[in-house]
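Down below is the structure, laid out as structure tokens.
The values are calculated or read from the model by the stated rules, or taken from the named source; none is laboratory data. Computed from a predicted structure; not experimentally measured. FYI the Cβ positions are ideal-geometry reconstructions off the backbone, even for glycines, and counts take in every protein chain you see. The protein model used for the area step is the full one, side chains on, heavy atoms only, and it has no ligands, DNA or RNA in it. Shrake-Rupley method; radii C 1.70, N 1.55, O 1.52, S 1.80 Å.
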Amino acid sequence: MRKLIFFLFIATNIILLISCDDQVDPKTDFKDVYALNCVIRGDTSFQVATITRSYNVDGFDPLTNTNDPFVKGAIIKLTYQSNGKIYTFRDTSVARTGDSRYSTPMNYYYIKNFQPTSESAISIEATLPNGKVLRANSTTFFISPYLIQDNFYSIPLAVFGNYLVFNWTNLTSTKDEKIYYVPELIIKYAKIQNGTPVEMQKKIPLFYISGDNGDVPLYPSIQGNITNARFDTSTIRRSLEEISAGDPNKQNYIIHKAVFRLLIADKNLAIYYSAQKTFLDEFSVRVTQPEFTNINGGLGIFGTLTSTQINVPIKASYIKSFGYLPY
């Protein structure tokens, strides 16, 4: 036993001596890396793209960089197979709002006359000023305005029940691609501040999870080929109560309505969304963020996203029971 302890002592000291000689450098050799980001929206004709590049800083804190890494002068083309047309992005800039470490205007590329109307292959190609080319492919989907089934929805439920259930018809893809959904139930309201109503909204979770620091809301995640979403009526009530938490003057709140919104994404965007959300929601500490890209020649994401929604009225008597004002 003594020999074993002595051996472990010697081995431990050898490892410590070796590790002291090996200097770990968290910064590797700098490489030029470009990221193209573009999400084609099916609910608007205004499409946006950005291109940024990697940058180096003195030291190890990337937030010390004050030079916008946006890449100007690129030629970005969007090809929509459905109509055989090629759309060219234009560049522009707007003044920054809020706090930012960049003092220059915010730059982006845009198309203002394109809105996908059917299921079709779609591709993007960006040629940078240095000749480097970034490419990606995706698929758009056709969204029927009657996708969400025409049931009578109201808050509270017209018929007694514990859940407000929304149903929709699952989309089908001719390419057998999985289609992903993110359901959201949102309360639209206004808060009177300094005599002026300020429009606000609150997203309703599916339910709450008890934790050491209190209850944590759990919202719907992105899922493939689902056809309904269920919201607990007690959770809806709690969300309405939280709108004015800590404020005794309930008359400062005007409740408009609720909106059920269904976001629909392609596979690429779904994977990217899930990776980022998992990273942000994890209780354990991670040093690096998960990296997913479908851009050939660089990083970033090219995907498609659309949405449809229905209004859900909230009964005036129910609103008044909280001390709020109905719209």
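Points to keep in mind about this one:
- Per-residue 3J(HN,Hα) values for the stretch 188-194, derived from phi via the Karplus relation 6.51 cos²θ - 1.76 cosθ + 1.60 with θ = phi - 60°, read 9, 8, 10, 10, 7, 10, 6 Hz in sequence order (x marks Gly and Pro).
- Residue order by solvent-accessible surface for Glu119, Glu241 is Glu241, Glu119, largest first, with ligands and nucleic acids left out and a 1.4 Å probe.
- Full extension of the chain segment joining Asn296 with Lys203 gains 29.9 nm, where the gain is 0.36 nm per residue of separation less the Cα-Cα distance.
- Residues of the stretch 197-236 with amide N under 12 Å of a point placed 7 Å along Cα→Cβ from Val259: 200-203
- Accessible-area rank, largest first, for Lys202, Lys72: Lys72, Lys202, with all protein chains present and a 1.4 angstrom probe.
- Table column - 3J(HN,Hα) (Hz), the stretch 240-250, Karplus curve with 6.51, -1.76, 1.60, x for Gly and Pro: 5, 5, 5, 4, 10, 3, x, 10, x, 8, 5
- In this calculation the C-beta distance from Asn83 to Asn225 is compared with R0 = 30 Å, giving a FRET efficiency of 0.60.
- Distance between modelled label sites at Asn170 and Phe142, nm, 7 Å Cα→Cβ extension: 2.0 nm
- Between Tyr327 and Arg135, the distance separating the two model label sites (each 7 Å from Cα on the Cα→Cβ line) works out to 4.7 nm.
- The slack in the chain from Ala245 to Leu218, taken as 0.36 nm per residue of separation less the alpha-carbon distance, amounts to 7.8 nm.
- The string of couplings for the stretch 103-120 from the Karplus curve (6.51, -1.76, 1.60, θ = phi - 60°) is 8, 7, x, 8, 9, 6, 9, 8, 10, 10, 9, 10, 9, x, 10, 7, 6, 6 Hz, one whole number per residue in order, with x for Gly and Pro.
- Leu185 accessible area, 1.4 Å probe, all protein chains in place, Å² to nearest 10: 0 Å²
- Counting only protein heavy atoms and using a 1.4 Å probe, the accessible area of Lys191 comes to about 60 Å².
- Area accessible to solvent at Met106, 1.4 Å probe radius, in Å²: 90 Å²
- For the pair Lys315 and Arg53, the difference between a 0.36 nm per residue extended length and the Cα-Cα distance amounts to 89.2 nm.
- Pairs with C-alpha atoms separated by more than 28 Å, drawn from the list Lys191/Lys315; Lys202/Lys315; Lys72/Lys202; Lys31/Lys85; Lys85/Lys188, are Lys72/Lys202; Lys31/Lys85; Lys85/Lys188.
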